[in-house]
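Down below is the structure, laid out as structure tokens.
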Amino acid sequence: MASRQLEERRRQFQQYKTDVKSRGKPFYPFAMLHDTIMSLVVVIVIIGLTIVWKFTADESHDGGESTSGLLGKLYDNPADPGTINFVPRPDWYFYFLFYLLRIFKWPESVILGTVGIPTICLVLLLMLPFMDLRSERRLLRRPVAIVAAILVVLSMGVLTWKGATAKESLGSELVARVPGWAEEQGFEGKKAAVAGATLFAESGCANCHTYLGDGTSNAGAPDLSKIGAQNKSVEAFARYVEDPSKFGNNIMRPYGKRAGGSFSDEQLRQVGTFLNASKG
């Protein structure tokens, strides 16, 4: 079996050499000329798009926002280094990997999304020329290759679209959810609990915790929708949030001012009241 495959490859190579001598063209100047022309076309297109982008957008230098042109704005609002609501997102051609990481978001499985699946796909792509040795190139006679290509394109397209439309749990968005949380949990009349829920939404807690379906569970952080059912006191919750390391949690950062955080004692009590009122 192996010897027949080797003989077939030798026959194909000899046929290739014969075809090159009879019909082939030298790399210089034919292939080099084609590559040069195509490279020049690409550069001209890039320069043309740059000119359109530059002269169709309203330029603004006074710190304001530019008016969008045909290809976008020249300037956007100045960056705020103190923001807590900014969520970095990759370029569009990495959206598929971005959403793949949202699927494998648990600490135990994140290695699959970052290393496992991309590496397996890359190895299969590198092995393909060595695995497929047939000279047949007509599409209708290669059903396995065609189906595999279609599945790859569909999966990449779906993951890219899902990554482009994925919503993040920004603080400004979560604040609007506080009244709904209060109504569902039954603390809408308690000012301290509502204030604590607002602090929870604004302080990025939903980047690690989930609450009534909002947020993400990273680093193994628990869902807090029913945390109040543990029947702990408001003071116990406040002390925990102030400095979790005192209770054996070295992953969650401290929030109390005495522990290096930014919450005052009153704010810690408000968060504790919110957690105590969250009984599911």
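Would you confirm whether or not region 254-276 contains a residue that is part of a loop (DSSP other than H, G, I, E, B), within 28 Å of SER109 (Cα to Cα) and touching a Cys at 6+ places or on another chain (Cβ under 9 Å)? Full working, then the answer.
Initial filter on region 254-276 (part of a loop (DSSP other than H, G, I, E, B)): 254-255, 260-262, 264.
Filter once more, keeping what is within 28 Å of SER109 (Cα to Cα): 254.
With touching a Cys at 6+ places or on another chain (Cβ under 9 Å) added as a condition, the list becomes none.
Scanning region 254-276 turns up no residue that is part of a loop (DSSP other than H, G, I, E, B), within 28 Å of SER109 (Cα to Cα) and touching a Cys at 6+ places or on another chain (Cβ under 9 Å).
Being of a type in the set (Val, Ile, Thr) and either part of a loop (DSSP other than H, G, I, E, B) or at pLDDT below 85 (or both) is the filter here; which residues of region 211-244 pass it? Can you show your working first?
Step one: filter region 211-244 for residues of a type in the set (Val, Ile, Thr), giving 216, 227, 234, 241.
Of everything in region 211-244, just one residue is of a type in the set (Val, Ile, Thr) and either part of a loop (DSSP other than H, G, I, E, B) or at pLDDT below 85 (or both), namely THR216.
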Among the candidates LEU124, LEU133, LEU199, residue that is outside the structural domain of VAL241 (by TED's automatic domain parsing) and either on the phi > 0 side of the Ramachandran plot or assigned to a helix (DSSP H, G or I) (or both)
LEU124
Among the candidates ARG239, ARG253, which residue alone is basic (Lys, Arg), within 20 Å of ALA193 (Cα to Cα) and without any contact (Cβ under 8 Å) to a residue 60 or more places away in the chain?
ARG239
Does PHE187 satisfy the condition of being surrounded by 14 or more Cβ atoms within 10 Å (Cβ to Cβ), outside any helix (DSSP H, G or I) and touching a residue at least 60 places away in the same chain (Cβ under 8 Å)?
yes
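For region 265-273, state whether one or more residues are of a type in the set (A, V, I, L, M, F, W, C) and touching an Asp or Glu at 6+ places or on another chain (Cβ under 8 Å).
Let us first name the residues in region 265-273 that are of a type in the set (A, V, I, L, M, F, W, C), namely 268, 271.
Subsequent filtering for residues that are touching an Asp or Glu at 6+ places or on another chain (Cβ under 8 Å) retains 268.
For region 265-273, residues of a type in the set (A, V, I, L, M, F, W, C) and touching an Asp or Glu at 6+ places or on another chain (Cβ under 8 Å): present.
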Would you please list the contacts, defined by Cβ atoms under 7 Å and residues six or more apart or on different chains, that run from a residue in region 134-154 that is under 22 Å from GLN15 (Cβ atoms) to a residue that is in a helix (DSSP H, G or I)?
SER135/GLN12; LEU139/ILE146
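The values are calculated or read from the model by the stated rules, or taken from the named source; none is laboratory data. Predicted model, so just to flag it, every value in this text is computed and none were measured. Backbone-built Cβ (ideal geometry, glycine too); neighbour counts: all protein chains shown.
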